[in-house]
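The values are calculated or read from the model by the stated rules, or taken from the named source; none is laboratory data. The structure presented is a predicted model; accordingly, all values stated were derived computationally and were not measured. Using ideal geometry, Cβ is built from the backbone for each residue, glycine included, and neighbour counts are taken over all protein chains shown. When the accessible area is computed, the model is the full protein with side chains, heavy atoms only, and any ligands, DNA or RNA have been set aside. Shrake-Rupley method; radii C 1.70, N 1.55, O 1.52, S 1.80 Å.
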Amino acid sequence: MTRKLFGTDGVRGTANSYPMTAEMALRIGAAAGIYFRRNQANVHRVVIGKDTRRSGYMLESALTAGLTSTGMTVFLMGPIPTPAVGMLTPSMRADVGIMISASHNPHEDNGIKFFGPDGFKLSDEAEMEIEALVESGVDLVEPMKIGRTRHIYDGRSRYNERVKAAFPNELSLDGMKVVIDCANGAAYRAAPEVLWELGAEVIPVGVSPNGYNINDNCGSTKPMTASEAVIAHGADVGICLDGDADRCLILDETGKVADGDQFMGLIAGRWAEEGRLNKGTLVATVMSNLGLERHLESKGLHLVRSGVGDRYVVEEMRKNGYNLGGEQSGHIVMTDYATTGDGLMAGLQFLGELARTGRKASELTAVFEPVPQMLKNVRYANGQVPLEDGKVLSVIGGAEQELIGKGRLLIRKSGTEPLIRVMAECEDPDLLTDVVDRIVDEVARATAA
């Protein structure tokens, strides 16, 4: 079966357009209800969280209708981070957790992510079964078995306590000035609360959501506002979250951005020194910089690469017993503490290193020298398949030959947006630029045809 609804991170699209319509959300909710009620006891529960998009109200109501029509009891958490849903699903003995969010995308987009009863994201196989139920339709329960809905008002507080518990007891953030950019998203309350309670002087950015300003000139994809705040306030460090707070980027005291690769290199080294890095291995995606791999090898550590998407990182980690992984984009997964990427928890790990070492953020974010890397995106229309175009394939093949022994090339479709991502690494920056631009131009030609 070919996947039509689910991408690399759930179902995603423009709100009020297929598949992000109320009608489709209702059908998805009913299908999920049937899928997770099979061979279960009589009590069936689902946890639903959301970010701050206006369309979240619509999708939350539609999902709730679909779920209750199949006998599920729905716990509505309101705006909470994605990792909070992963935490609360097993905590509340729920059969399924759902996060309504399009992560780093603009406000007009939205999405639906699923977590299983163990708090981990669903496998491809489970998503395909739910998709099949959406297409075939499901039988609804009799009136006496219709589910009910309950609002849970302390979900954020429960999450905050779990996050703080992962921060070393012997450390505090007293005297540390921290800029926290919440992207006007799901962590706009949780993140400043946690940092303040741990002793930091908090400078909040992106904490005034209005339903339309999520990720708007703020957050991990647009860190300039936070960077300016770091400089203006003389802060020690900045932390940029995305709209659902499952990723973060670190800003040093000069406002310079460090990506997830530098962070993973730092934490992997620290955990290895403490004997905490399982099997001496970090899991990262094919997008992570070659410099990270070389850095780990120099320390006698290993890098295992997965497909793009934090749930593929997690699948690799769970399969082989690794406990640290992540993405260059800032998804950091620490399965000792959480079931999915957690931007706030990752940020606290970095702050812990600042407190422990007394060094500047700029020193801790320069872990390795990255190999020159370039990533460009080309948008395509529905129905277009530019990566099947003969001329595109020919240009890609030629570029691969040129990079043998000098670097690497990765070209893929985005799993969350209609984009072709062209990424290359090469020690020769001129060759790097030439290769990427040639491919981008050819893909653009194919999409314009």
Subset of segment 221-243 that is without any contact (Cβ under 8 Å) to a residue 12 or more places away in the chain and not in a loop (DSSP other than H, G, I, E, B) - its residue that is least open to solvent (accessible area, probe 1.4 Å): ALA232
Determine whether segment 244-254 contains at least one residue that is farther than 22 Å from GLY326 by Cβ and open to solvent by 10 Å² or more (accessible area, probe 1.4 Å). yes
What are the residues in segment 354-365 that are in contact (Cβ under 8 Å) with a residue 60 or more places away in the chain and open to solvent by 10 Å² or more (accessible area, probe 1.4 Å), if any? LEU354, ALA355, ARG356, LYS360, SER362, THR365
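Each row is one residue, and each column tells you yes or no for (1) open to solvent by 40 Å² or more (accessible area, probe 1.4 Å); (2) free of Cβ contacts under 8 Å to residues at least 60 places away in the same chain; (3) out of contact with any helix residue (DSSP H, G or I) (no Cβ under 8 Å at 6 or more places or on another chain); (4) closer than 27 Å to ALA448 by Cα.
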{"residue": "VAL314", "(1), (2), (3), (4)": "no, no, yes, no"}
{"residue": "HIS331", "(1), (2), (3), (4)": "no, no, no, no"}
{"residue": "GLU369", "(1), (2), (3), (4)": "yes, no, no, no"}
{"residue": "GLY390", "(1), (2), (3), (4)": "yes, yes, yes, yes"}
{"residue": "ILE396", "(1), (2), (3), (4)": "no, yes, no, yes"}
Checking LEU140, LEU173, LEU133, LEU195 in turn, the sole residue that is of a type in the set (A, V, I, L, M) and open to solvent by 80 Å² or more (accessible area, probe 1.4 Å) turns out to be LEU140
Filter segment 438-448 for residues that are in contact (Cβ under 8 Å) with a residue 60 or more places away in the chain and over 12 Å from MET374 (Cα atoms); which is surrounded by the most Cβ atoms within 10 Å (Cβ to Cβ)? VAL443
Evaluate the following for GLY309: is it of a type outside the set (Asp, Glu), on the phi > 0 side of the Ramachandran plot and either in contact with a Ser or Thr (Cβ under 8 Å, 6 or more places away or on another chain) or buried (at least 19 other Cβ atoms within 10 Å of the Cβ) (or both)? yes
Mind checking whether some residue in segment 72-88 is of a type outside the set (Val, Ile, Thr) and more than 24 Å from the chain's Cα centre (by Cα)? yes
How many residues are touching a residue at least 60 places away in the same chain (Cβ under 8 Å), open to solvent by 100 Å² or more (accessible area, probe 1.4 Å) and more than 12 Å from VAL47 (Cα to Cα) when one looks only at segment 143-159? 3
If you go through segment 244-271, how many residues are part of a helix (DSSP H, G or I) and either farther than 30 Å from GLY49 by Cα or of a type in the set (Gly, Ala, Ser) (or both)? 8
State all residues of segment 8-35 that are open to solvent by less than 20 Å² (accessible area, probe 1.4 Å), within 24 Å of the chain's Cα centre (by Cα) and of a type in the set (A, V, I, L, M, F, W, C); if no residue qualifies, say none. VAL11, MET20, MET24, ALA25, ILE28, ALA32
Within segment 54-71, can one find any residue that is acidic (Asp, Glu), part of a loop (DSSP other than H, G, I, E, B) and either modelled with pLDDT of 95 or more or surrounded by fewer than 24 Cβ atoms within 10 Å (Cβ to Cβ) (or both)? no
Selection from segment 206-220 of residues that are in contact with a helix residue (DSSP H, G or I) (Cβ under 9 Å, 6 or more places away or on another chain) and open to solvent by 20 Å² or more (accessible area, probe 1.4 Å): VAL207, ASN217
From the list GLN373, GLN384, GLN349, which residue is open to solvent by 10 Å² or more (accessible area, probe 1.4 Å) and under 15 Å from CYS248 (Cβ atoms)? GLN349
Tell me which residues, restricted to segment 346-396, are more than 24 Å from the chain's Cα centre (by Cα), more than 26 Å from ARG412 (Cβ to Cβ) and not in a helix (DSSP H, G or I). GLY358, ARG359, LYS360
Residues (open to solvent by 40 Å² or more (accessible area, probe 1.4 Å), within 19 Å of GLN373 (Cβ to Cβ) and either touching a residue at least 24 places away in the same chain (Cβ under 8 Å) or within 16 Å of the chain's Cα centre (by Cα) (or both)) located in segment 291-306: ARG294
When you scan segment 376-385, do you find a residue that is touching a strand residue (DSSP E or B) at 6+ places or on another chain (Cβ under 6 Å) and closer than 21 Å to PHE120 by Cα, even just one? no
Residue pairs meeting the criteria (Cβ under 7 Å; at least 6 apart or on separate chains; first among the polar types (S, T, N, Q), in segment 416-437; second part of a strand (DSSP E or B)): THR416/GLY7; THR416/ARG12; THR433/MET374
